[in-house]
Amino acid sequence: MSSEQTPAPEAEAADPAGPRPGRLTAAAALAALEGLALVAGGVWMVVGSLTGRPDDRTQALTGGVTLIVLALLPLLAARGLLARRGWSRGPAVITQVLALPVAYNLLQADSVAIPAGIVLGVVAVTALVLLVNPATARALGIRGPGGAEKQG
């Protein structure tokens, strides 16, 4: 069996018995926080559409349900990060990238949405930094490009 056919130890998933890096736990917590915020916003919109007098009840109800469904992405990513699943970094990064334009739009408002935009922007950038950190990639068993060629 040649060295190309022998699986490298680094190619296997990260050891779940080892300690989870703090960066990974923090990234999972931030993703979960974003997911919970989406659920809270969605529930608020649904309740408001059913009990209040929105301009368009159907639009408010649809928006609330949409937020609740969108919350699944960061919540599943957070669960996967805590379980040290390599697939979870992609959805977590996508969530943060999508949060940046939302934060920008909140910052453009002339209302109490400005502090929410600041918080969302800080959380998204912080989570991105944590997610692209090499220690996080190692903990998730993710190798960079050219990782197979470096074996020898």
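The values are calculated or read from the model by the stated rules, or taken from the named source; none is laboratory data. Note that the structure is a prediction, hence the values are computed from the model and not measured. Every residue, glycine among them, receives a Cβ derived from its backbone with ideal geometry; neighbour counts consider all protein chains shown. Only protein heavy atoms, including side chains, enter the accessible area calculation; ligands, DNA and RNA are left aside. Shrake-Rupley method; radii C 1.70, N 1.55, O 1.52, S 1.80 Å.
Label separation (residue 20 vs residue 36): 1.4 nm, computed from points 7 Å beyond Cα along the C-beta direction.
Annotation: per residue accessible area for region 45-143 equals 59 Å², rounded to a whole number [probe 1.4 Å, protein chains only]. For region 19-24, putting each phi into the Karplus relation 6.51 cos²θ - 1.76 cosθ + 1.60 with θ = phi - 60° gives couplings of x, 7, x, x, 4, 5 Hz, in residue order, rounded to whole numbers and with x for Gly and Pro.
Just how far, in whole angstrom, is region 113-128 from region 47-98 if you go by their alpha carbon centroids? Here the two parts' Cα centres lie 16 Å apart.
Rounded to 0.05, the FRET efficiency of the residue 135 and residue 113 pair, given R0 = 41 Å and the Cβ-Cβ distance, is 0.75. Modelled this way, with points 7 Å down the Cα-to-C-beta line, the labels at residue 105 and residue 66 are 0.8 nm from one another.
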